[in-house]
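J.: The structure's right below; bear with me while I get my questions together.
The values are calculated or read from the model by the stated rules, or taken from the named source; none is laboratory data. All values derive from a computational prediction rather than experimental measurement. Note that each Cβ is placed from the backbone with ideal geometry, even for glycine, and that neighbours are counted across all protein chains shown. Just so you know, the surface numbers come from the protein's heavy atoms only, side chains and all, with ligands and any DNA or RNA stripped out. Shrake-Rupley method; radii C 1.70, N 1.55, O 1.52, S 1.80 Å.
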Amino acid sequence: MLTKTSPLLPNFWDELLQTPLAGGTRSTSATVPAVNITEEDKAYTLSFAIPGKSKDDFEVEVEDDLLVVRTTTTHEDSSEGPHYTHREYHYGSFQRSFTLPESVAADKISARYKDGILNIDLPKREEALPAPKKLISFK
């Protein structure tokens, strides 16, 4: 998930995911989807498995150092027959909050939803990117 070269970040993510007050949980309940967090050289990616939605159902916002992902769904089906009415209600919502590390460029965060997966890309700031290898020549 995160490299061991930075001792702050692995503890940061582990603690964040285990803190219910911050929206984190290791449980995969129906109302709070689990999240996978990956790190690459240039960005982190948060991936949520949330089938049956459209991109318009989600609200993703950043305020200060806090990323908030939320959705609220209201769905009502009804079928009427000669002697009865049948209704099924479905109301669902969730909100997850994540404290962003200083290495994230908050103004460049983007999100996409496809095939039931919500991906949020958190690009790293230029100064947080790994330096390219430099070949040292002999004199």
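J.: Is it the case that the stretch 97-110 has a residue that's of a type outside the set (Asp, Glu), farther than 13 Å from Leu66 by Cβ, surrounded by 15 or more Cβ atoms within 10 Å (Cβ to Cβ) and at pLDDT 85 or above?
T.: Yes, the conditions are met somewhere in the stretch 97-110.
J.: For the stretch 50-69, state whether one or more residues are of a type in the set (D, E, K, R), assigned to a loop (DSSP other than H, G, I, E, B) and open to solvent by less than 60 Å² (accessible area, probe 1.4 Å).
T.: Scanning the stretch 50-69, I find at least one residue that is of a type in the set (D, E, K, R), assigned to a loop (DSSP other than H, G, I, E, B) and open to solvent by less than 60 Å² (accessible area, probe 1.4 Å), so the answer is yes.
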